Amino acid sequence: MVASNTVWFDGNVFEDGPTAVAPDDFLWGWKVDRYDGLFDAEDGTDSVTFSHNVVANHHKSLLWGGGEKEGSRDLGKMRFTVFGNHFSNSMSRNPLMRFGTFYIVANLFENYAEQAPLFDDDSVSSLSSSNTTAKSAATAAAAAANSTTAYKPNFQYNLGVYNASTVLVAANAFVQSGAHADDSSRIFSFSDLSTPQLPATLCSPADNGAANSTLLDGLRIKSTFNGAPVDLARNAENTWAYVRREDDDGEFVEGGFVTGCDGLAAQEVPVDAFGADAAAVEAYVRKNAGQV
């Protein structure tokens, strides 16, 4: 989608097929993805609502924003609201966000985690006896969703954050099964955060503290990871510390990424649809995503 304005995508299914599609053999042992993006947007696209959709069984799913040479077309535009979607075995770009402002609220991210964690993460709260059942139900549902195919997709990350992007996250549910179901190191991925004059910003109203704008009070709803509360601001900061340690080519510089909610406008998002209760997000999305 290019140069489009005021668009609503609701109740669609974007997928390769009913099960994950393995990469095809190429040359000298290399493998290539059969398909590229499912739904990409660039060139000044603006005011888009992406709601109640299913994004499934794909690798590089949603790329929103062009490359560096097109950045001037997207800056000040590329405003997206992402609500009530089900990302199921979508291995990356859920979405990858460049040069815009993105409100990611009340979505279900469900995947099969077979890779070892990238780093030790302390952003997920310890499970109490009351929500151990929630975790068991969540991981069992994820495992069932992956039991229909022998090919287990190689999950990479959920939310890709690129330079000059502003991302708000609230009330999302992250559910994993697999050998590393407890790996919370792949919620975020960063790329090209080398412009501190135009940093990427992550706002999690539930986690960024009371000093931030009261305009976002309605979005102060914790996200969950396998049924337990997760501090997404802390998680993003841990991811940032990791990529900074591993950086050997100047892709990630001091000040290239910040957390906070200053300057973000209020946005009407129907959190009452699930009772403003993060624990109810998963059931809400399973019932409504992909329905017309």
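Quick note: the coordinates plus some simple rules give every number you see, no bench work behind them. All values reported here derive from a predicted model rather than from experimental measurement. Glycine also receives a Cβ, built like all others from the backbone with ideal geometry; neighbour counts cover every protein chain displayed.
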Check your understanding: Using a Gaussian network model of the chain with C-alpha springs under 10 Å, which one of Glu110, Glu15, Glu246 is most mobile by mean-square fluctuation?
Key -> Glu246
Check your understanding: What residue among Ser90, Ser194, Ser165 shows peak mean-square fluctuation when the chain is described by a Gaussian network model with Cα springs under 10 Å?
Key -> Ser194
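So for the range 198-290, averaging the separation of alpha carbon pairs under 8 Å that are six or more residues apart and normalising by length, what relative contact order in percent results? Please list the in-between numbers first.
Values: 90 pairs, mean separation 36.4, N = 93.
Relative contact order comes out at 39 percent.
For the chain, what is the convex hull (Cα atoms) projected area averaged across all directions, in square nanometres?
Working: hull surface 61.7 nm².
Mean projected area for the chain: 15.4 nm², to one decimal.
Once the piece of chain linking Glu251 and Phe119 is laid out straight, how much longer is it, given 0.36 nm per residue of separation minus the C-alpha distance between them? Before the final figure, lay out each step's value.
Values: separation 132, 0.36 × 132 = 47.52 nm, distance 1.89 nm.
Length difference between fully extended and current span is 45.6 nm.
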Check your understanding: In percent, what relative contact order does the chain have, based on Cα pairs under 8 Å that are 6 or more apart in sequence?
Key -> 19 percent
Review point. Can you put Cys261, Cys203 in order, fewest other beta carbons within 10 Å first?
Key: Cys261, Cys203
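Which of Phe257, Phe9 has the fewest other C-beta atoms within 10 Å, and how do the rest follow up to the most? Intermediate results must be reported in sequence, preceding the final value.
Working: Phe257 24, Phe9 15.
With the fewest neighbours first, Phe257, Phe9 line up as Phe9, Phe257.
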Review point. What's the extension gain from Trp28 to Arg234 if we count 0.36 nm per residue and subtract their Cα-Cα distance?
Key: 70.0 nm
Study note, to complete from the structure: Taking 41-47, 92-98 and ranking on average Cβ neighbours within 10 Å, highest first, one gets 92-98, 41-47
Point to revise | Value of [θ]222 nm, deg cm²/dmol, for the chain, DSSP H segments ≥ 4, -39500 (n - 2.57) each, nearest 500 | key: -4500 deg cm²/dmol
Review point. Using a Gaussian network model of the chain with C-alpha springs under 10 Å, which one of Val269, Val124, Val105 is most mobile by mean-square fluctuation?
Key: Val269
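Report the extension gain between Ala266 and Asp10 in nm, rounded to one decimal, defined as 0.36 nm multiplied by the number of residues separating them, less their alpha carbon distance. Write down the numbers at each step before the final one.
On the way: separation 256, 0.36 × 256 = 92.16 nm, distance 2.17 nm.
Gain on extension, Ala266 to Asp10, equals 90.0 nm.
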Check your understanding: Taking R0 as 35 Å, what's the FRET efficiency between Arg286 and Asn154 from their Cβ-Cβ distance, rounded to 0.05?
Key -> 0.90
